[in-house]
Amino acid sequence: MLLYGAMHLCQGKSSGANPEYSALELQNAGADWLHVVDLDAEGAGAPQNVESVHRVIGVVDIPVQFHGGLRLVHTAELMLGLGVGRVVLDRALTKTEHSAAHFFKKLGNTCAAAVDSSAVAARLKAVGCPRFIYTGGVGNVEEMTLLGIPIIAIAEDARNLEAFRGVGVEGVILNVSLLQVVK
């Protein structure tokens, strides 16, 4: 099971600190990937911390998965062009199958969709979604694994982590303190 170190960017900082420092802390704690969320992108509708993401990519030796404000294919392609290994589509975009299908066809395995239910996941699987970021807790994750598409789940504590391990998710997104306990 892959471990994704969670990092949130807001106004160019990560938890009030230098993003490069936070990224290296997660890498050194044993993350296989970084999961970088641009918190400022939600209201803006487009990534706002691109410079910080670029600097993070420059200091880590592990791939970066980016989530935040990706509502247009060309914006996602720009983030991939910066060196991001995978982009995560916003929930607003995944509500319309036509738009989501266009992303999946164009970006293939370099994208994933954030979902909070197996019903949404089944709809997106039908239009070509290659991978899910499951945000709905432990509840439906086992049902979602039956869809046959890789799932990365968010673990909020050690019990979540064990439950996800038991159902065979591809990876889990963890904060630095939980990551340090796991490794």
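Exposure proxy check: His74, His35 ranked by fewest other beta carbons within 10 Å?
Final ranking by Cβ density, sparse to dense: His74, His35.
Kindly write out, for segment 3-10 in residue order, the coupling ³J(HN,Hα) from the Karplus curve 6.51 cos²θ - 1.76 cosθ + 1.60 (θ = phi - 60°), rounded to whole Hz, with x marking Gly and Pro.
Per residue, the Karplus-derived 3J(HN,Hα) values read 10, 10, x, 7, 9, 10, 9, 9 Hz.
Check cross-link reach from Lys13 to the aspartates and glutamates: straight Cα distance under 15 Å, and skip same-chain residues fewer than eight apart.
The reachable aspartates and glutamates, counting only those whose Cα sits under 15 Å from Lys13, are Glu25, Asp38, Asp40, Glu51.
Taking other Cβ within 10 Å of each residue's Cβ, how do Cys129, Cys111 sort, fewest first?
If I rank by nearby Cβ atoms, fewest first, I get Cys111, Cys129.
For Leu24 and Asp61, calculate 0.36 nm times their separation in residues minus their Cα-Cα distance, and state this gained length in nm to one decimal.
Between Leu24 and Asp61, full extension yields 12.4 nm more.
Among the aspartates and glutamates, which have Cα under 18 Å from the Cα of Lys125 when same-chain residues fewer than 8 positions away are ignored?
Asp90, Glu97, Asp116, Glu142, Glu143, Glu170
Would you pull out the residues with amide H under 5 Å of His8's amide H, same chain only if 5 or more places away, H placed 1.01 Å from N?
For His8, whose amide H was placed from the backbone, the distant partners under 5 Å are Ser15, Val37.
Could you quote the convex hull projected area for the chain, Cα atoms only and averaged over all directions, in nm²?
The directionally averaged projection comes out at 9.2 nm².
Give me Arg86, Arg55 ranked fewest to most by other Cβ atoms within 10 Å of their Cβ, as a rough exposure proxy.
Arg55, Arg86
Bear in mind that the values in this text are calculations on the coordinates, not laboratory data. On a predicted model such as this, the values are computed, not experimentally measured, just so you know. We place every Cβ from the backbone using ideal geometry, glycine too, and count neighbours over all the protein chains shown.
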